[in-house]
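The values are calculated or read from the model by the stated rules, or taken from the named source; none is laboratory data. Everything quoted here is computed from the prediction, not taken from an experiment. Cβ coordinates were reconstructed from backbone atoms using ideal geometry, including for glycine residues, and neighbour counts include every protein chain displayed.
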């Protein structure tokens, strides 16, 4: 079991304290018959408490693979990934499941809501298995959907459904929120609303937040922007001044 109360291993110090994640020398190779695909090629990365990070890069650059490894959905072929004092790259499936359940919230491009359940009931699926959840009503209020909690997904817009998905992800009070192209299926106006919600969660809950996107404009919201290409980190920069979602134009 992951126990954040035990001593934390030495970590790089950043502007917000010791690293929540330390990835060192991460590679990921997928084998399809006789063909090998190198998705990650020696990635070193630190993520810090309450940080808002954008992973930027084209399709096939390794962004989703890296996010899946950080979230315990996949393991590296080589290298190590530490969450606080715990080596995720050395754990079995049961412990990775526990890690995901207790510490990580996921938001994907597609909402994955259960059509026969209301917004409140979709969020409650998570709160029923989390150790210290917030009430579904509180999570939905945080994303601005108090008035829609008894509606079914078919009665909601795409942006509202994505906000339900965010409420579901944050209801467990995760330490880390991982978002894979959260606006990819949305129009610009709706996407800005969703990004505004993600930024609010990061700001008000102090959740370390990582957003994958191929849209360079979104990088303006981040504390730090990490660019990947061909499985490698090719650039990192910090934003001296962050922009709000509603200031973005694309």
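Number of residues in region 18-37 that are at pLDDT below 95 and either farther than 22 Å from residue 179 by Cβ or not in a strand (DSSP E or B) (or both) equals 11.
Would you say residue 243 is over 20 Å from residue 104 (Cα atoms) and at pLDDT 95 or above? Steps first, answer last, please.
Details: over 20 Å from residue 104 (Cα atoms): yes; at pLDDT 95 or above: no.
So residue 243 fails the test.
All conditions but one from (1) touching a residue at least 60 places away in the same chain (Cβ under 8 Å); (2) not in a strand (DSSP E or B) apply to residue 233; the one that does not is (2).
For region 175-192, does any single residue satisfy the condition of being assigned to a helix (DSSP H, G or I) and surrounded by 20 or more Cβ atoms within 10 Å (Cβ to Cβ)?
In the first step, residues of region 175-192 are kept if they are assigned to a helix (DSSP H, G or I); the result is 188-192.
Narrowing further to those that are surrounded by 20 or more Cβ atoms within 10 Å (Cβ to Cβ): 191-192.
Checking region 175-192: at least one residue is assigned to a helix (DSSP H, G or I) and surrounded by 20 or more Cβ atoms within 10 Å (Cβ to Cβ).
Within region 109-119, is there a residue that is under 19 Å from the mean Cα position of the chain (by Cα) and within 30 Å of residue 18 (Cβ to Cβ)? Within region 109-119 (the criterion being under 19 Å from the mean Cα position of the chain (by Cα) and within 30 Å of residue 18 (Cβ to Cβ)), the answer is no, since none of the residues qualifies. Here residue 73 meets each of (1) buried (at least 17 other Cβ atoms within 10 Å of the Cβ); (2) closer than 19 Å to residue 209 by Cα; (3) touching a residue at least 12 places away in the same chain (Cβ under 8 Å) with one exception, condition (1).
The residues on offer are 145, 140, 186, and the sole one that is modelled with pLDDT under 95 and more than 20 Å from residue 45 (Cβ to Cβ) is 186.
Restricted to region 83-98, and to residues that are within 13 Å of residue 176 (Cβ to Cβ) and in contact with a strand residue (DSSP E or B) (Cβ under 7 Å, 6 or more places away or on another chain), which residue is modelled with the lowest pLDDT? Lay out the reasoning, then the answer.
Step one: filter region 83-98 for residues within 13 Å of residue 176 (Cβ to Cβ), giving 83-84, 86, 88.
With in contact with a strand residue (DSSP E or B) (Cβ under 7 Å, 6 or more places away or on another chain) added as a condition, the list becomes 83, 88.
Working: 83: 93, 88: 89.
The residue in question is 88.
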